[in-house]
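The values are calculated or read from the model by the stated rules, or taken from the named source; none is laboratory data. Because the structure is predicted, anything quoted here is derived from the model rather than measured. Quick reminder, even Gly has a Cβ in these numbers, built from the backbone with ideal geometry, and neighbours come from all protein chains shown.
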Amino acid sequence: MKKLFCISVLLFVFFFARAGEWIRVNQLGYLPDSKKIAVYMSESPIDLERFELKDAYTHSTILTFNSLKSAGRYGKMQSTYRLNFSAFEGTGTYYLKAGNAVSPVFRINAHVYDGTADFLLHYMRQQRCGYNPWLKDSCHLHDGYIVYHPTRSGEKIDVTGGWHDATDYLQYTATSSNAIYQMMLAYQQNPESFGDAYQANGHPGSNGIPDIVDEIKWGLDWLNKMNPEKGMMFNQIADDRDHAGFRLPTRDSVDYGWGKGTGRPVYFCTGEPQGLIKHKNRATGIASTAGKFSSCFALGSKVLSGFYPDFAKEIGDKAADAFDLGVQYPGACQTAPGSAPYFYEEDNWVDDMQLAAVELYKSTKDEKYMKMAVNYGRMEPVTPWMGADSARHYQWYPFMNVGHYRLGNSTDKRVSDEFKRNMRTGIERVFEKAKENPFLNGIPYIWCSNNLVAALLTQCRLYRETSGDIRYDEMEAALRDWLFGCNPWGTSMIVGLPSWGDYPEFPHSSYVVGGIGNTPGGLVDGPVYGAIFNGLLGVKITEPDLYAPFQSDLVVYHDDVSDYSTNEPTMDGTASLTYYLSAMQKDGMELSKHNTSRNIEVAGGIVRTDPSKKQLTLVFTAADKADGADIIRETLKRNQVQGAFFFTGGFYRDFPDVIKSLKQDGHYLGAHSNDHLLYCAWENRDSTLINREIFTKDIVDNYNLMAKAGIHPADAPLFIPPYEWYNEEIAGWAQGMGLKIVNFTPGTGSNADYTTPDMKNYRSSKDIFNQIIKVEEADGLNGHLLLVHLGTHPDRTDKFYNRLDKLIKTLKKRGYTFVPLRDATGY
């Protein structure tokens with residue numbers, strides 16, 4: 001648990017006013033036009049009549065709402081209310097006050113979901129088997145040895161790759177194929193939401209391919225190995241002998257019978273019950289696995305065709321063979337247990353065959369596949385967990401049926417109407433249960449309940465887009481908000497998202513236990529019924545439960561490394577969220593009319609705008625010197641260029657005439673910190689030198705002085721840190737205040753214009769000018785942010801701003817357009 005800190009209400013209110021009353025919000029924030037509903041909870045009976053929306057910088061009341069909806073008792077809470085402030089669509093940073101409780105601070109703007117889908121991919125890369133970029137080392141290179149094959153058992157086969165399922169290192173075709181398909185759906189529907197900051201091997205660096213496509217390819221490579229030839233499919237690698245305690249994957253020395261760490265069993269799909277030790281599953285066929293192979297291969301051949309055409313053709317050619325095997329052996333192919341009775345008890349399979357048939361129809365246009373898709377779809381019109389109070393572990397998997405969505409978009413109106421109705425029926429069943437509680441959450445609290453939330457979110461969104469029906473908007477928003485803190489515990493269910501909020505700090509992970517780091521981007525299992533938690537083997541809470549006031553006999557959640565039932569990140573759940581978060585980011589892009597995924601960031605700050613555009617932006621900073629103000633202002637006016645100026649609080653106080661002139665000219669005016677503090681160490685960027693309270697006060701003081709000049713946070717959401725030096729922690733704190741860090745693009749040396757002749761790093765104005773031109777000629781300056789200081793020390797008589805006119809004219813002649821900062825960044 002990452003506890004939200006409290007500081008004086010004179011600055012920000014981040015947690016709650018007194019014990020016993022709480023307000024839960026989406027800590028990530030809200031899009032301006034979205035549903036915005038918080039939940040108030042009290043341990044005592046309370047009659048609320050109103051609540052207030054307050055500005056987090058000034059603490060002034062923006063709006064008072066008198067219409068509240070009492071939601072009765074919930075768990076230990078005697079009173080709950082739904083606080084609906086959807087009518088407010090202004091942008092800024094706010095908090096709510098109701099009774100004696102205040103909420104965490106939250107943002108309302110078009111960018112709250114920017115980068116969130118890409119952030120999930122951190123966990124996918126961390127889960128890679130074979131070469132693991134997180135550890136910069138390899139694991140499980142000897143996989144594996146075939147078991148259950150009638151003639152080839154004991155034979156070694158190369159199935160290295162893919163992802164570990166969770167904290168354990170088992171690998172399942174079922175969960176991996178669903179993860180692959182969900183990421184392909186995300187990319188196919190929302191390609192503009194994904195950036196390119198990582199190479200195919202998972203290391204930082206652009207390779208010209210969206211990072212989610214790199215991850216899809218990693219998964220499909222492994223899936224291709226798990227179906228090496230026609231009629232030969234494998235369902236899993238390893239079994240519960242893997243559960244030998246916390247250890248890093250690169251130090252996995254479990255002996256499966258071939259020597260310690262020398263290879264793991266690879267289970268051949270037989271369509272019959274399997275289990276090598278004490279327990280066996282209830283497998284009835286192969287179709288659930290074959291259908292998953294087929295749908296992934298068919299869609300994967302399209303998604304990868306523009307990046308890996310030969311590989312795309314190879315897997316595309318396998319899709320029909322995989323489908324035919326499912327037709328031949330109908331039934332569910334469950335995962336195999338060992339010494340313990342726990343396994344993925346998947347009982348359904350027609351949904352997998354339906355989706356495979358749809359994808360084959362889309363790739364071949366053969367009508368037989370469409371007919372089969374409809375027939376399979378009619379065999380399970382609603383995924384059975386929807387509306388149920390319980391289900392066995394992964395009994396109805398995948399947790400939502402994308403095949404219904406595909407058929408809902410059929411050109412045959414009868415088919416389209418039928419399957420849109422099927423989607424609606426499932427949603428409606430959950431909605432009927434959701435109306436019973438203040439969080440509007442009708443998900444059964446079974447193991448991996450957050451995966452069910454992600455699935456229903458996806459179905460709600462796809463149904464809404466297909467049908468235009470908005471009747472479930474409020475439940476969709478409630479499920480979305482649940483994952484980011486609008487839940488009884490007030491915590492995000494995604495590690496590190498948002499970085500400034502309350503999120504799992506101690507997930508069930510060997511990385512955490514081993515001191516390697518957390519599991520960023522990982523969606524944890526989520527809350528379970530108290531009865532489930534109390535009945536599980538080997539679960540105990542090892543640390544004081546900071547969420548104790550919110551636990552109940554109904555449902556529990558623990559941020560404890562020992563609680564694998566609620567606090568273990570899962571690979572497939574994480575991947576399943578990529579569609580929904582990328583869709584939310586796309587909504588924000590449409591609001592802002594800018595593709596922010598084209599910006600290039602370092603440590604959470606924008607250092608370059610769209611590199612595909614021949615555009616430049618000029619930015620200026622100053623703390624206490626303004627000797628270049630008149631020259632710079634006249635130069636920009638003469639060349640019709642809009643600049644962005646970032647000043648300290650002292651500058652706003654001491655140079656009001658400069659501020660007034662720049663504002664009259666229409667330039668962007670932003671913050672540069674109040675006291676020009678050094679936020680992090682020069683020699684170690686990750687070493688933060690201040691705490692969050694000091695940072696917050698520094699920024700608020702800066703904006704208070706800016707307000708006197710008529711400049712407010714909503715007008716100036718972009719911020720350059722003092723000394724142009726920051727780290728990811730500082731960037732996260734800034735985002736939590738509704739700000740986005742920008743910085744100069746490294747390489748040109750324009751920022752060296754402050755140096756004086758006595759410094760070792762002194763650069764003359766001529767040298768700086770020539771270096772800019774040199775970079776332009778070698779690599780281009782597309783999207784560059786060029787920094788110039790508004791004033792410099794008197795010892796520097798060679799002022800670079802005197803060359804600004806020549807620089808602008810030179811670069812314009814070379815085809816560059818100077819774009820205002822907010823237009824260039826989209827913020």
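In the stretch 689-708, is there at least one residue being surrounded by fewer than 18 Cβ atoms within 10 Å (Cβ to Cβ), charged (D, E, K, R) and assigned to a loop (DSSP other than H, G, I, E, B)?
Yes, that holds for at least one residue.
Name the residue that is farthest from residue 819 (Cα to Cα), counting only residues in the stretch 654-690 that are among the basic types (Lys, Arg) and over 28 Å from the mean Cα position of the chain (by Cα).
By that ranking, first place goes to 660.
So is residue 387 on the phi > 0 side of the Ramachandran plot, in the same structural domain as residue 241 (by TED's automatic domain parsing) and in contact (Cβ under 8 Å) with a residue 40 or more places away in the chain or not?
The answer is yes for residue 387.
Please determine, by comparing only the residues of the stretch 55-103 that are in contact with an Asp or Glu (Cβ under 7 Å, 6 or more places away or on another chain) and farther than 25 Å from residue 20 by Cα, which one is surrounded by the most Cβ atoms within 10 Å (Cβ to Cβ).
Out of the qualifying residues, it is 92.
For the stretch 120-134, state whether one or more residues are of a type in the set (D, E, K, R), touching a Ser or Thr at 6+ places or on another chain (Cβ under 9 Å), modelled with pLDDT of 95 or more and in a strand (DSSP E or B).
no
Out of all the residues in the stretch 444-458, is one or more over 28 Å from residue 567 (Cβ atoms), in the same structural domain as residue 186 (by TED's automatic domain parsing) and assigned to a loop (DSSP other than H, G, I, E, B)?
no
Taking the condition out of contact with any helix residue (DSSP H, G or I) (no Cβ under 9 Å at 6 or more places or on another chain) and in a loop (DSSP other than H, G, I, E, B), does residue 151 pass?
So residue 151 fits the description; yes.
Only residues that are of a type in the set (D, E, K, R) and within 23 Å of residue 809 (Cβ to Cβ): list them for the stretch 611-635, please.
613, 614, 627, 630, 633, 634
Of everything in the stretch 492-517 that's among the polar types (S, T, N, Q) and within 15 Å of the chain's Cα centre (by Cα), which residue is surrounded by the fewest Cβ atoms within 10 Å (Cβ to Cβ)?
Per the criteria, the residue is 499.
Does at least one position in the stretch 44-64 carry a residue that is in a loop (DSSP other than H, G, I, E, B) and within 21 Å of residue 473 (Cβ to Cβ)?
no
Go through 299, 276, 325 for me and flag whichever is assigned to a loop (DSSP other than H, G, I, E, B) and of a type in the set (A, V, I, L, M).
From the options 299, 276, 325, the qualifying one is 276.
So, of the residues in the stretch 14-51 that are modelled with pLDDT under 95 and within 14 Å of residue 105 (Cα to Cα), which turns out to be farthest from the chain's Cα centre (by Cα)?
Residue satisfying both the conditions and the ranking: 17.
When you check residue 306 against the structure, is it in a loop (DSSP other than H, G, I, E, B), more than 17 Å from residue 181 (Cβ to Cβ) and free of Cβ contacts under 8 Å to residues at least 40 places away in the same chain, yes or no?
Answer is yes for this residue.
Pull out all pairs, ordered by first then second residue, where Cβ-Cβ is under 6 Å, the residues are six or more apart or on different chains, the first lies in the stretch 91-112 and is closer than 15 Å to residue 735 by Cβ, and the second is part of a strand (DSSP E or B) and of a type outside the set (Ser, Thr, Tyr).
So the pair list comes out as 91/108; 93/107; 94/53.
Quick check on my filter: what residues within the stretch 395-429 are in a loop (DSSP other than H, G, I, E, B) and buried (at least 18 other Cβ atoms within 10 Å of the Cβ)?
If the condition is that a residue be in a loop (DSSP other than H, G, I, E, B) and buried (at least 18 other Cβ atoms within 10 Å of the Cβ), then 395, 396, 397, 398, 399, 400, 401, 410 are the ones that fit.
Just for the stretch 498-532: of the residues that are touching an Asp or Glu at 6+ places or on another chain (Cβ under 7 Å) and of a type in the set (Asp, Glu), which one is farthest from residue 393 (Cα to Cα)?
Per the stated criteria, the residue is 505.
Restricting to the stretch 659-673, name every residue that is over 16 Å from residue 724 (Cβ atoms) and either assigned to a loop (DSSP other than H, G, I, E, B) or in contact (Cβ under 8 Å) with a residue 40 or more places away in the chain (or both).
659, 660, 663, 665, 666, 667, 668, 669
Per-residue answers, yes or no, for (1) surrounded by 20 or more Cβ atoms within 10 Å (Cβ to Cβ); (2) assigned to a loop (DSSP other than H, G, I, E, B); (3) among the basic types (Lys, Arg):
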residue	(1), (2), (3)
559	yes, yes, no
565	yes, yes, no
577	yes, no, no
583	yes, no, no
591	no, no, no
606	yes, no, no
612	no, yes, no
617	yes, no, no
